Amino acid sequence: MVADTLNSIPVERPEPTPEDPQGLCLDKAYVGDEVAELGHEFHFTLHIPPKGKEAQQVKQQARAKARRWVVERTHSWMNRYRGILIRWNKKPANYIAMLHMAFAFIIYGRMELFG
């Protein structure tokens, strides 16, 4: 599925250069030679958290705390809104409207306009 996903990117990608490489953040499930080859073929720098003993070594050698992945963080923000966490709406249009409203509240809160 990784190859299909990378082939179906609808946005025109700029050409990656050594000065301006493009990263691809994946989770631990994507560790493997096949994904590494696809990343190299598409000129991506892969960012995959290590597994097992390797993860413990990296954690001990780390100078700073690891960032939380953007998607996981966003999902945790979305879980604050019960209407999205437990889908009560039967109509897809109403559910999408709730998603938009939740994102608007999240963005408004992150803008820190009033302190």
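The values are calculated or read from the model by the stated rules, or taken from the named source; none is laboratory data. A quick note: this is a predicted structure, and the numbers were derived from the prediction, not measured. Protein only, heavy atoms only, side chains kept; ligands, DNA and RNA dropped before computing areas. Shrake-Rupley method; radii C 1.70, N 1.55, O 1.52, S 1.80 Å.
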Exercise. How much solvent-accessible surface does T5 expose, in Å² to the nearest 10, with a 1.4 Å probe and all protein chains in place?
Worked result: 80 Å²
For this session: Might you work out the accessible area of M78 for me, using a 1.4 Å probe with all protein chains in place, and round it to the nearest 10 Å²?
Result: 20 Å²
Exercise. Could you give the alpha-carbon Rg of segment 66-108 over 2.2 N^0.38 Å, rounded to two decimals?
Worked result: 1.24
For this session: Quick one: order Y108, Y81 from most to least accessible surface, probe 1.4 Å.
Result: Y108, Y81
